[in-house]
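Report on the following structure.
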Amino acid sequence: MEALGVSCVPPFYKPTPIHKKTNFNKSIPIPRSCFFSTIKNTSRSTKVFTSLSSSSSSKVSAENVDQPEAELETETPDDKFEWFSQWYPVMPVCELDKRVPFAKKILGLDVVVWWDKNESAWKVFDDTCPHRLAPLSQGRIDQWGRLQCAYHGWCFNGSGDCKFIPQAPSDGPPVHTFKKACVGVYPSTVQNEMVWFWPSTDPKFNDIITKKKPPFIPELDDPSSTNFFMNRDFPYGYEVLVENLMDPAHVPYAHYGIMQLDQPPKEKVDREGGKPLQVSVKKLDINGFVGRQEWGSVKFTAPCTFCMYTDPVDVQGNGSASSTRTDKVKLINEYEQNTVLFFFCVPVSPGNSRLIWGFNKNIGSWIENIFPQWLFHMKLNLLVDSDLYLLHIEERKIKEAGAANWHKSCFVPMRSDALVVGFRRWLNKYAGCQVNWGGKFSGNDLPPTPPKEQLMDRYRSHVVNCRSCSSAYKALTALEVILQIVSIVSIGIVTATKQSFMPTTALVRPKLSGQQRMVFFFFFCIPVSPGNCRLIWGSAKNFGSWIENIIPKWILHISSNLVVDSDLYLLHIEVAAPLPYSQRIMEVGAANWQKECFVPTRSDALVVWFQKVDDKVCWWSNQLGWKSQSNVSSANTTKRTAHG
């Protein structure tokens, strides 16, 4: 993943000598400064980061092990990192659309970000409507600039206050003014062209921006340069994502064939050209650490921000880089002098994370006017796909061993692992070895491993979250449909020229009798399993039966499916999206439905009556009487045994 530090800069940006021809089909070259030291490193005797067992350490000679340099620790014994007292990046502004709300899960919280045109600001809300707990992210922004729920049309302003309930009578009590009709609002701000939010809806944090700001990267606000952003969701956790970014040694192996060394070592010990790397951690405290690589400096600002600089960073500053050059660093070219690589690592849920990364540059901006961003994104997605499955499996092995036992389970004696060990040391010492999800996930169990094809799916993990790629996808899909229509029309024209036209027979609509027209609709609601149900419905009528003789049933089924599809996503969303409506009810407890859902209007009478009947029948006390999972498992085991 460290390869993104170089590969996120397209090969077109790198100056090419006149005598060389640029081949766009070749692998992305890595600047020689990434792996060839231009710094005179002075070794010193220090302690080893890794926790090696006595049996292992006795077998490894001190002469054969590169010992990482010790970090300068400035913590106090009682320091503890508070996960819910930090700013978290939501999404780059360039990937958001002011016309529609946008859903995200961050730190286990379902949030919706939308543009409030009345306050000219991006707002971050709890992605739950107080009426029936449907996701607000599936709604729209109405003509008055309010966020409207797609389920029943409730409208909210930028402060979270409910401004309109369509079902409430105008002459009745103003139920929209009740406190329970309000939506939870998270403090939010825009910095470095990124929307950030504070993960607490407590009103005492409304002015938190005046006391604590997100990590600031001054290079991203430089008006003389341009910023490149990309985002991708990954099926592995935050911890694995961060340590993979900090590992330069895996690049020639995990990304072999996709990236190549600009100048391979003189003596290659293997096909890939790996070599010893000089990496160290200079300072570590509760706020993160500063480190060195052969080609520059790095800085990790907990919990999300990781930056790579070609100049030394100011270890005393807050996310800023020093503008002074030292004789320790030999700058290769102007491109490296004016570029900072940044990575925002976002914890989503156990076993899931999000990476927002890119670079800042003040050269080559004309490239974007020629080549669309989605071309670069295709190459970068190919890069991150090359080690995605490895990291997904690795996380499960770490989970089996226990996060607190990482140092014992992993053998990391080389200097190239210094940043990885430094991050794990910070995680263990200050953050309790893992992300604190605020009790939203019991046991922090990882989700089951889906098929590899589903793990590598780029559409849901990137395309739907990228304006450039989604626009290209829609354009290509439309082009495909157009070509199909053109093909069908062409075949029809060819067929029509060879055959004579058959005379058409007029269809006469039968006269209806004088009896009253009646339509009867029926619905059978069948419980299937927890979180799944089946609906069988239809109608009976005493008129219009001639229509079925003309229009086939599958056409009527298409329109019926469109109707049920329109709110299906509200009621049951896939695992990668915000929590389903049914799961939200299960979170608060089925018995607490009337306490959590705000249903003050007569339009909800049938729903409330249904809940009261269920309470009396005691369905919701223990929910439905499902067959126990143990019986199901034993039955399945018996079947497998019977069939060999």
One residue is enough: does the range 463-484 have a residue meeting the conditions under 30 Å from PHE81 (Cβ atoms) and within 19 Å of the chain's Cα centre (by Cα)?
yes
Output the strands (runs of 3 or more DSSP E) that fall wholly within the range 97-188 and possess 3 or more residues being among the hydrophobic types (A, V, I, L, M, F, W, C) and either open to solvent by less than 30 Å² (accessible area, probe 1.4 Å) or in contact with a Lys or Arg (Cβ under 9 Å, 6 or more places away or on another chain) (or both), or say none.
109-116, 121-126
State whether one or more residues within the range 331-339 are open to solvent by less than 10 Å² (accessible area, probe 1.4 Å) and modelled with pLDDT of 55 or more.
no
Conditions (1) open to solvent by less than 50 Å² (accessible area, probe 1.4 Å); (2) under 26 Å from the mean Cα position of the chain (by Cα); (3) closer than 28 Å to SER297 by Cβ; (4) modelled with pLDDT under 90: number failed by PRO413:
(2)
Kindly provide the set of residues from the range 189-213 that are open to solvent by 60 Å² or more (accessible area, probe 1.4 Å) and of a type in the set (A, V, I, L, M), ordered by number.
VAL190
Number of positions in the range 156-172 that are under 29 Å from the mean Cα position of the chain (by Cα), more than 14 Å from PHE598 (Cβ to Cβ) and free of Cβ contacts under 8 Å to residues at least 40 places away in the same chain
1
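The values are calculated or read from the model by the stated rules, or taken from the named source; none is laboratory data. Model, not experiment: these values are computed from the prediction. Reconstructed Cβ throughout: ideal geometry from the backbone, glycine too, with neighbour counts over all protein chains shown. Quick note on the areas: whole protein, heavy atoms, side chains included, nothing else; ligands and nucleic acids left out. Shrake-Rupley method; radii C 1.70, N 1.55, O 1.52, S 1.80 Å.
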